[in-house]
1. On the full set of protein chains, 1.4 Å probe, figure out the accessible area of Asp90 and give it in Å² to the nearest 10.
2. In whole percent, and with a 1.4 Å probe on the protein chains, what portion of the accessible area of the chain is carbon and sulfur?
3. Ignoring everything except DSSP H segments at least 4 long, calculate the 222 nm mean residue ellipticity for the chain; use -39,500 (n - 2.57) per segment, divide by total residues, nearest 500.
4. Could you give me the ³J(HN,Hα) list for the range 86-92, computed from phi with Karplus coefficients 6.51, -1.76, 1.60 and θ = phi - 60°, whole Hz, x at Gly and Pro?
5. Give the Rg (one decimal place) followed by the Dmax (whole number) of the chain, computed from C-alpha coordinates and expressed in Å.
6. Using a 10 Å cut-off on Cβ atoms, rank the peptides 40-47, 121-128 from the highest mean neighbour count down.
7. Take Tyr115, Tyr136 and sort them by solvent-accessible surface of the protein heavy atoms, 1.4 Å probe, largest at the top.
8. If you roll a 1.4 Å probe over the heavy atoms of the protein chains, what accessible area per residue do you get for the range 7-116, in Å²?
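The values are calculated or read from the model by the stated rules, or taken from the named source; none is laboratory data. Nothing here was measured: the structure is a model prediction, and the numbers come from that model. As a convention, Cβ positions derive from the backbone with ideal geometry for all residues, glycine included, and neighbour counts pool all protein chains shown. Accessible surface areas use protein heavy atoms only, side chains included; no ligands, DNA or RNA. Shrake-Rupley method; radii C 1.70, N 1.55, O 1.52, S 1.80 Å.
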Amino acid sequence: MPDPDHPAHFNPLGDLLDLVEARPEDRLLLVHGGPELLCSALRHGCRSAVSLAVPPRHPEAADLVVAEDVASQAEAVAVAESARRALGRDGRLALMLRGAAAKTARALRLRLHEYGFSRVRRQAGANGAVLLLCRYGAAR
């Protein structure tokens with residue numbers, strides 16, 4: 001019998017879409033996101049949500065790009081490149097870094113600035129995870 005106090009897919013940071021402030025008018029692009037993240041988008045009432053296993057080269061327009069379980073700097077860069085194609089001015093990007101990628105968060109912050117992202121914030125999570133939140137095309 002499942003334990004309601006400790007769900008099987010417990011996220012120590014809380015609901016990821018709450019952390020990134022997903023809104024009903026948002027069009028979401030979810031990369032590396034499992035079904036839980038897509039269900040969370042539905043619970044948030046987002047206008048649309050697409051979940052893909054890899055960052056698309058030619059993504060649909062989005063207001064918010066969220067990548068879960070980013071395990072390497074190369075993956076993070078691929079997501080950022082896809083995000084800047086998808087996002088309009090002041091669009092948001094959230095990268096949940098784990099393992100080796102979390103250890104390169106500082107270098108990734110600099111890379112994100114090079115790609116036109118600003119207001120890069122870092123939030124530490126459990127088990128060494130790091131959440132990077134930023135905006136595209138916004139005033140620095």
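1. 70
2. On the way: 4100 of 7730 Å².
It is 53 percent, rounded to a whole number.
3. About -8000 deg cm²/dmol.
4. Running phi through 6.51 cos²θ - 1.76 cosθ + 1.60 with θ = phi - 60° gives 8, 8, x, 3, 6, x, 10 Hz.
5. Rg and Dmax of the chain, Cα atoms, are 14.3, 50 Å.
6. Numbers: 40-47: 15.6, 121-128: 11.9.
With the highest mean Cβ count within 10 Å placed first, the list reads 40-47, 121-128.
7. Details: Tyr115 30, Tyr136 55 Å².
Result, largest first: Tyr136, Tyr115.
8. On the way: 5700 Å² over 110 residues.
It amounts to 52 Å² per residue over the range 7-116.
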